[in-house]
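Written out below as structure tokens is the structure these notes cover.
The values are calculated or read from the model by the stated rules, or taken from the named source; none is laboratory data. Given the structure is predicted, the values throughout are model-derived calculations rather than measurements. Cβ: placed from backbone, ideal geometry, glycine included. Neighbour counts: every protein chain shown.
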Amino acid sequence: MNPIVSIKKMSKTYKGGQQALREVSLDIQKGEILALLGPNGAGKTTLISAICGLIETDSGTITVAGFDIVKDYRQTRTLIGLVPQEITLEPFETVFNTVRFSRGLFGKPKDPEYIEEILKRLSLWDKKDSAIRELSGGMKRRVLIAKALSHEPQVLFLDEPTAGVDVELRRDMWQTVRQLQSSGVTIILTTHYIEEAEAIADRVGVISDGRLLLAEEKTTLMKRMGKKQLRIELQSALKEIPSALENYKLELAEDGCSLQYTYDTGQDRTGVTRLFADLSKAGIHIRDVHTSQSSLEEIFVDLVKESA
Amino acid sequence: MNLRAVRAIYIYEMSRTFRTLAQSLLSPVLSTSLYFIVFGAAIGSRIQEVDGVSYGAFIVPGLIMLTVITQSVTNAAFGIYFPKFIGTIFELLSAPISFLEIVLGYVGAAATKSFIIGVIILVTANLFVDLHITHPFWMIAFLALTCISFSLLGFIIGIWANNFEQLQLVPLLVITPLVFLGGSFYSISMLPPLWQTVTLFNPIVYLVSGFRWSFYENADVAVGVSLAMITLFLGLCLSVIWWIFKTGYKIRN
Ligand SMILES: Nc1ncnc2c1ncn2[C@@H]1O[C@H](COP(=O)(O)OP(=O)(O)O)[C@@H](O)[C@H]1O
Ligand SMILES: [Mg+2]
């Protein structure tokens, strides 16, 4: 299937000389949720701004549904909705008017029923006649989403949708994003919260210092990079690790009551079977075992360290 | 052409005008009425007729021009500066519209608003003095051309300005003095010869003169020259807009 958004070797240097993107190439598939993960200043907003036509790039090409974003800007921009990082809304305008304005701006005919539907979906309908300045921060963010959806885009960009948002609202936002995906919209969101990418993304792209380090299915990423830990609780405490088990690089807990084994899930052989066999050979009795998997966070820290 | 977008911008801007009806329309009307009371009634009663027209009636076209020019510049400048200032301009830039459509929407709305203000002042003036308009067609043409040209100028200023000081600088330091010295309150022939010559470098003089001609058929300069000047000015503003469009000056980034 052709990607809905395709970025080829795109670079961007700002006027001050700051290079924000270095030869970024990325394909985004229709219907997926892609999380762009990266620390502040990595270039996430710049990448989105370039696709949406807010800034000019130095080199590279971007297509949306096969259309070039410069040459065929009318087609590509009609397909795109953007929710910016900062909350930028006219304080005195009403919710309904500002959403209606957005729809017109994108060249769509009037459709009050559709606007009603999105306002209801985003729990804003009872606020439709309120001035924006009377709304809470979370509502304002949703108004921005409503505006971005007002022209029925196929691709939605959410730039740090949950920055500075409390936990509960964050979960609401995730739910909204999933609903949007199920209605067929492709979603690209940026975040510097790993949990966020982990919680909702199908695919994760990691950006650091203007470079796209990787873009992979979240599960493959975790499998490939993921380390698992096996904690083995023992029947009786050990003073030290028997020399027969040296190869496993086990760690003995301070009280001597548990052993920790770290292995790579990407490897063909995890060595768990052999470890258990060797443990019983050494006369160590197992009381219980636990496994835990490394999170994206740890993967991410490793990646950024590697690239630095 | 994305006409729906032009319409959306136009309606949105006009609705802002009507939302702030008091500021937008009432205040220019109020200040003009004050001018009438001070200049027309209080001082005017001691001034003789100018070129066969009572002083109160003589200043009406100039007063309308004065208000319409200042309003066009400030409204159009503010109209485009405001989204820049609060950041909502991102939406204009990400929408499937061209720069010229943006100009049409914003300048159209600012010009309409000034035109309405001009008409309201005209109607208000009618309460104070006896008006009669000899060339209604040319009156409307001059008014419309002035609204459009100066709204274009305001739009350019709004694009150029980086802060509120700059936004107010040009209207304050350039437009207001030129407008006040543009012959709104006097006929150029009333000035000493040297000043008459200096005055001819003020473009506003030609507008006021042409506009006044459409009322009373008397003018400081030939009406053809007035028309040529306003067309020239309009052309100048359009070229700057075209240049902004070509170079993307201060629009993206
Ligand atoms: N308008 C701008 N002018 C100059 N430099 C900028 C501008 N916007 C962003 N930058 C710089 O480009 C880099 C990437 O910024 P940005 O894309 O905003 O990162 P992120 O969204 O990942 O936090 C940063 O170093 C930032 O300082
Ligand atoms: Mg950012």
Which members of the range A:64-79 meet the condition of being more than 7 Å from chain B (Cβ to nearest Cβ) and closer than 18 Å to A:Ile188 by Cβ? A:Val64, A:Ala65, A:Gly66, A:Phe67, A:Ile69, A:Thr76, A:Leu79
Could you tell me whether any residue of the range A:154-167 is in a helix (DSSP H, G or I) and surrounded by fewer than 20 Cβ atoms within 10 Å (Cβ to Cβ)? yes
Condition first: of a type in the set (Lys, Arg), over 14 Å from the mean Cα position of the chain (by Cα) and within 13 Å of ligand 1 (Cβ to nearest atom). Can you find one or more residues in the range A:26-44 that meet it? no
If we ask which residues in the range A:11-55 are away from ligand 2 (no atom under 13 Å from the Cβ), buried (at least 20 other Cβ atoms within 10 Å of the Cβ), small (Gly, Ala, Ser) and in contact (Cβ under 8 Å) with a residue 40 or more places away in the chain, their number turns out to be 1
For A:Ile80, are the conditions met, namely being at pLDDT 95 or above and out of contact with any His (no Cβ under 7 Å at 6 or more places or on another chain)? yes
Taking into account only those residues within the range A:151-184 that are at pLDDT below 85 and within 16 Å of ligand 2 (Cβ to nearest atom), which is nearest to A:Ala65 (Cα to Cα)? A:Ala163
Residues of the range A:93-123 being in contact with a helix residue (DSSP H, G or I) (Cβ under 6 Å, 6 or more places away or on another chain), more than 12 Å from every other protein chain (Cβ to nearest Cβ) and not in a helix (DSSP H, G or I), which ones? A:Leu122
Which pairs have Cβ atoms under 6 Å, sit 6 or more apart or on different chains, and link a residue in the range A:156-185 that is within 16 Å of ligand 1 (Cβ to nearest atom) to one that is among the basic types (Lys, Arg) and at pLDDT below 90? A:Thr162/A:Arg170
Filtering the range A:1-12 for residues that are more than 9 Å from ligand 1 (Cβ to nearest atom) and within 14 Å of chain B (Cβ to nearest Cβ) leaves a count of 0
When you check B:Phe78 against the structure, is it at pLDDT 90 or above, within 23 Å of A:Ala131 (Cα to Cα) and in contact with a helix residue (DSSP H, G or I) (Cβ under 9 Å, 6 or more places away or on another chain), yes or no? yes
Scan the range A:109-129 and tell me whether some residue there is within 16 Å of ligand 1 (Cβ to nearest atom) and either within 15 Å of A:Val155 (Cα to Cα) or free of Cβ contacts under 8 Å to residues at least 12 places away in the same chain (or both). no
How many of the residues making up the range B:78-106 are more than 7 Å from chain A (Cβ to nearest Cβ), more than 15 Å from B:Glu13 (Cβ to Cβ) and of a type in the set (A, V, I, L, M, F, W, C)? 3
